Amino acid sequence: MSPVLSGVLQFVALFAALALVYRPLGDYMARVYDSKKHLRAEKWIYRLIGADPDAEMRWPAYLRGVLAFSAVGLLLLYLLQRVQGALPGRLSLGFHSISPDQAFNTAASFVGNTNWQSYSGEQSMGHAVQTLGLAVQNFVSAAVGIAVAIALVRGFARSRTSNLGNFWADLVRGTVRILLPLSVVAAVVLVACGAIQNFAGIHEIGQLTGGTQQVNGGAVASQEAIKELGTNGGGYFNANSAHPFENPNAFTNLFEVFLILVIPFALTRTFGKMVGNVKQGYAILGTMVLIWVGFTALMMWTEFAHHGAALQAAGGAMEGKEQRFGIGGSSIFATATTLTSTGAVDAGHSSLTGLGGGIAMLGMMLGEIAPGGVGSGLYGMLVMAIIAVFIAGLMVGRTPEYLGKKIGTREIKLAACYILITPTLVLGFTAVSMAMSGPPGQILNKADGSVLHSGAHGFSEVLYAFTSAANNNGSAFAGLNANTPWYNTTLGLAILLGRFLPMVFVLALAGSLAEQQPVPETAGTLRTEKPLFAGLLVGTILIITGLTYFPALALGPMAEGLS
Amino acid sequence: MSTTTPVRTAPEGDEKQPAHESSGRVSGGLFDPAQLVKSLPDAFRKLDPRVMVKSPVMFVVEIGSVLTTILAFKKPGDWFGWTITAWLWLTVVFANLAEAVAEGRGKAQADTLRKAKTDTVARRLTKDGAEESVPGAELRVGDLVVCEAGDIIPGDGDVVEGVASVDESAITGESAPVIRESGGDRCAVTGGTKVLSDRIVIKITTKPGETFIDRMINLVEGAARQKTPNEIALNILLASLTIVFLLAVVTLQPFAIYSGAEQTMIVLTALLVCLIPTTIGALLSAIGIAGMDRLVQRNVLAMSGRAVEAAGDVSTLLLDKTGTITYGNRRASEFVPVKGARQEELAEAAQLSSLADETPEGRSVVALATEKYGLAERSDTDLTGAEWVPFTAQTRMSGVDVDGRKVRKGATGSVIAWVEERGGTVAPDARSLNDGISQAGGTPLLVAVEDEKGPRVLGVIHLKDVVKEGMRERFDELRAMGIKTVMITGDNPLTAKAIAEEAGVDDFLAEATPEDKMALIKREQAGGKLVAMTGDGTNDAPALAQADVGVAMNTGTSAAKEAGNMVDLDSNPTKLIEIVEIGKQLLITRGALTTFSIANDVAKYFAIIPAMFAVAYPGLDKLNIMSLHSPQSAILSAVIFNALIIIALVPLALKGVRYRPMSADSMLRRNLLVYGLGGLVSPFIGIKIIDMLLSLIPGIR
């Protein structure tokens, strides 16, 4: 079988698997968030944290819940890393405490569902930080994202109320009823396929060539499951999903992509169910699928293109890719991980072809919405839908409305603020970083010498880093030594602002929408459940993102890829 | 080009068609290129930054122009810098020109109105009944003034005493005088209009300076124009896009320096101006002004732009039956003979009996006889020796005695009594015919004759409300647009149902009282719908105020005019449908030009980015898919295109995009194709052509 065919077949299998679970999972999640009952375990948690899960919250209260919970998580994770050196035995595996800037960066990264890692897991984090700190945040940061998305969906679904549900109930349910059970199943599958799951110490192993290598054990499979399911992406090991303990074979590779995509896609069904019109969910799904399929096809095309003798011999751009996944598996993974704010990698993104790197970057620049991070993908896409409805909706001769809610001054103000945040963070921080660096050809970033390459590729490394951080992706282009005080701090800030500022506007938007009285649908209403609208939405997303980042992309991946 | 003078339909002019030409539609007023030249001084006056700041997008362009001017002065030998500077200033001027042209059309109308508002001297009545002369500007609410033939009415008010004919052409343009009388629904008079006959006493209801004519002047001049909610929202979106592009351009310089391709400020400014949505930013206010203007052209005054926008969103139309759906009066539609009588005989008798009948019903009988039954035209003067029997409330019949024949037509009971009185026979089916017509919602008139064959009933004239032509199609179109029509009538449900079915409205409200109307509006609004209605009476006022779009007839009371948010000077209720279309067209024009403007940017990137960076990264020259002549000509072409497209689109902004009623789906598909795809493709062609022209100029590299 040719590598191209194998890639396509893998994609088809993935597509079919996702299609199979779409409805049951989406419906289940809708029931979870609409349910009036509490599980016994949940009641214990509510009693423990002193929350009343039945109290309805207005949007400021909901937001306070999100921010307070995340702030506490940030502080705990920071402290845990700072005291690691004092922890005994296996808890620390003998690693030192993490430096303040890196501890901040890591805490921000995991609380912000980004999982940018400026550290190397097997060389710095013991079992305590990995399991009690990072893995816990992998669950709850994902649950926070879904909760905010559900609040926005309620904004559309409800009318003449200011209540958006209860944050604590949404948080706990998302964790207990969705993420935990799915992770258990996924972890078992991964273990069965060869991923490791233990609390072993560091083993010294002799290599074939005579040297020695240190190999860690750890609760890898369980963390791997939630790493993908929660679109987190923080690897147990530095090599992330390219490491055989995390991702042993081609099947687990595809299975991990499945885990990455399954919740974000299924949430569109949940959305359709909750607003009482599943077709609206399908339109959003269609938009996401169109972008996802298009990007995957483009990625495969650039990676399979044979330029030069070395690539021809390998059958494509094999540098930096794992032999066991091939170009097909790696392209599918790279596209899924960058379109979903996951950031797990099974290949070196720096080794993607120039244009392939650009596609990965553009995928993140879309704002992680196709299908995006768990929850964040849905709310990001809905905000884009509001923008598209506003521009195009005018063309049917009515004040724009989406799902019966008018898109007026207040709504457009909030949506506009939302779409301003990430470009500001990405371009602003990248510009300052580049201004600090010297001209090409020299060792770059005189301040700390962290960019490895010169020219367009060097620029891409920095642009990729801030794109990844501000969009909460977490994948790295490699090549950039990000463990410097400058990058640890600025990337940490980009992550936090890129995660929580949008949530402020999304929740405010939800509050504003919920208060409205719905406008009944007539023949004069823009039909947002039709393919025409999905196409329009794709166009709006591509044009707005394209226009924002075109100059930057031209100087990075395009300059590299077109030469 | 279409109408500048709207079709004026006098309130009584029920013979005319409603202002509905399938070709004219809501396409707007005339656009004359000479107006561009005339408005040029205004366009320059608007360069004042305090004015410019109201349009954030164009304000950024102005700042950019100032910046490049300073830079050009620093390097006076740089032709490129000067050319870019010139075109940037032109971009700003063109934007101002669009707005100035839109406003200019209102100004002309305002001048005409001002002439009507010459300072009048009012004859105020003092408490003891004496008259004193005071300037019109000193009148207070509640003052009583006297106006006699030849006087200009000094202010808005209600007639409290007397009746007069008034020339309101200063406001409505309609030269036929109207009657104004105390009490009832025709008591309102407007300042600036002229009393033609008789004497009336008017109670002033409006302060000087806030009169109808003052408000009208402000409205047509655009002085009172406030941004509408949707316009504000669009401005916010445009401002945020401007910020995004500002960010993209400002951060580009460090990237460029790193890449070894530092850019001049002039090039960066040119890029910024090309990217920010200048096309829609420049035309946005012109679109709004032109939308109001299109209403003014149709003699409708919208008291707020908000109401015009709401008109586009309306999902329920309340239409008064009489005057809107049907002609004002009942008309003969059919002659139904009784058994044993001939059709021609009945028609001839009906015609004869009505020759001297000057009521609309009577005239319609004569018309029907000639038009449908092919009888020769006759007039009452043709018959010598005829004795006309006029209609009285006692006899309830009218007719004629001529050449020994007596013909009568009238209310069924009276005519039957007349025949029986004379010993004649009443055909057995006369009553059943009569009842059939009543039940179908019509009014039966019995026709009887007494001649050599004796007195007998010939048959029945079927009088009915005649639905105006084209109404059914109109309502079908409205339905396709998602608008529900509700007919309001005082008729009984049976009659109402028959007319509603014939006209094709979706629903009707029979035996409607003002309270019923109000309740209906509230019910619709509770379901989230926007309601539009027309009204003229004082008892319509609460409903007009409650409706989202309330169009008051100019012939109506001041209370109605105060309560509505639009006034139709022609007092033609059918116009409500046009108002809805104008509202929709306004929104579509905005959306279409926004889409066009944003789609334009793609081509500009392909022109400018390779021009900026192909030196540093030769591979980027592959993006120069238009294969433009040189970096300078590429950038210049994009800037020139960006400026010229504004002027090119001014007529579209003023006229509004073509609008035909259709479903939202087909409308979106069509507009996306024209303005989305068109906006994507056209600048590639335009920039290429400009570049080819530029490359012909010697000295341009």
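Rule-based calculations on the coordinates, nothing more; no lab input. What you see is a predicted model, and the numbers here were worked out from it, not measured in a lab. Cβ placement follows ideal geometry from the backbone for every residue including glycine, while neighbour counts extend to all protein chains displayed.
Applying the Karplus relation 6.51 cos²θ - 1.76 cosθ + 1.60 with θ = phi - 60° to the stretch B:153-166 yields 3J(HN,Hα) values of 5, x, x, 5, x, 10, 6, 10, 8, x, 9, 8, 9, 10 Hz, where x marks Gly and Pro.
Taking every alpha-carbon pair under 8 Å whose residues sit at least 6 apart, chain B reaches a relative contact order of 16 percent.
So how do B:Ile202, B:Ile697, A:Ile391 line up by other beta-carbon neighbours within 10 Å, fewest first?
Working: B:Ile202 31, B:Ile697 8, A:Ile391 23.
Ranking B:Ile202, B:Ile697, A:Ile391 by Cβ neighbours within 10 Å, fewest first, gives B:Ile697, A:Ile391, B:Ile202.
Annotation: aspartates and glutamates with alpha-carbon distance below 17 angstrom to A:Lys43 (same-chain offsets under eight excluded): A:Asp34, A:Asp52, A:Asp54, A:Glu56, A:Asp170.
Here the 3J(HN,Hα) profile of the stretch B:615-625, calculated from phi with Karplus coefficients 6.51, -1.76 and 1.60 at θ = phi - 60°, is 5, 6, 10, x, x, 5, 5, 5, 6, 6, 6 Hz, Gly and Pro shown as x.
Taking amide H atoms as placed 1.01 Å from N in the peptide plane, the amide H of B:Asp465 lies under 5 Å from those of B:Arg331, each 5 or more residues away in sequence or on another chain.
Residue exposure proxy: A:Val396, A:Val519, ordered by other Cβ atoms within 10 angstrom of their Cβ from fewest to most, comes out as A:Val519, A:Val396.
Under 4 °C and 1.567 mPa s, how fast does the protein assembly as shown diffuse according to Stokes-Einstein, given a Kirkwood radius computed over C-alpha pairs? Answer in µm²/s, whole number.
Values: Rh = 35.3 Å.
After rounding, the answer is 37 µm²/s.
With K and R counted +1 and D and E -1, the other residues having a Cβ less than 12 Å from that of B:Pro610 yield a net charge of +1.
Restricting things to alpha carbons, find the Rg to Rh ratio for the stretch A:382-562 using the Kirkwood radius for Rh.
On the way: Rg = 20.0 Å, Rh = 18.4 Å.
Across the stretch A:382-562, the Cα-based Rg/Rh ratio is 1.09.
Which pairs break 24 Å Cα to Cα here: B:Lys575/B:Lys655; B:Lys227/B:Lys655; B:Lys54/B:Lys75; B:Lys604/B:Lys655? Flagged as over cut-off: B:Lys54/B:Lys75; B:Lys604/B:Lys655. When the pairs A:Lys530/B:Lys468; B:Lys46/B:Lys688; B:Lys522/B:Lys561; A:Lys273/A:Lys530 are compared against a 27 Å limit on Cα-Cα distance, A:Lys530/B:Lys468; B:Lys46/B:Lys688 fall above it.
Close amide-amide hydrogen proximity is noted between B:Val505 and no other residue 5 or more places distant or on a separate chain, at a cut-off under 5 Å (H modeled in the peptide plane; Pro and chain starts excluded). With respect to chain B, whose longest principal axis is taken over its alpha-carbon atoms, helix B:631-655 is tilted by about 10°. A cut-off under 12 angstrom between Cβ atoms defines the neighbours of A:Tyr28, and their net charge, with Lys, Arg +1 and Asp, Glu -1, is +4. Provide, in order from the shortest bin, the percent of all Cα-Cα pairs of the stretch A:223-362 in each 10 Å bin, continuing until the bin that contains the maximum pair distance. Distribution as computed: 13, 40, 31, 13, 3, 0 percent.
For A:Arg64, what charge total do you get from the other residues with a beta carbon under 15 Å from its beta carbon, if Lys and Arg give +1 and Asp and Glu give -1? Overall, the nearby charge balance is -2.
Put simply, the amide H of A:Ala523, placed in the peptide plane, has neighbours under 5 Å in B:Gly482, leaving out anything fewer than 5 places away on its chain.
Helix B:343-354 and the longest principal axis of the Cα set of chain B meet at an angle near 90°. Counting other Cβ atoms within 10 Å as a rough exposure proxy, the listed residues B:Glu132, A:Glu42, B:Glu99 run B:Glu132, A:Glu42, B:Glu99 from fewest neighbours to most. The alpha-carbon of B:Lys339 sits under 30 angstrom from the alpha-carbons of these lysines, leaving out residues fewer than 8 places away in its chain: B:Lys372, B:Lys406, B:Lys409, B:Lys453, B:Lys464, B:Lys497. Per-residue 3J(HN,Hα) values for the stretch A:348-359, derived from phi via the Karplus relation 6.51 cos²θ - 1.76 cosθ + 1.60 with θ = phi - 60°, read x, 5, 5, 8, 4, 4, x, 6, x, x, x, 5 Hz in sequence order (x marks Gly and Pro).
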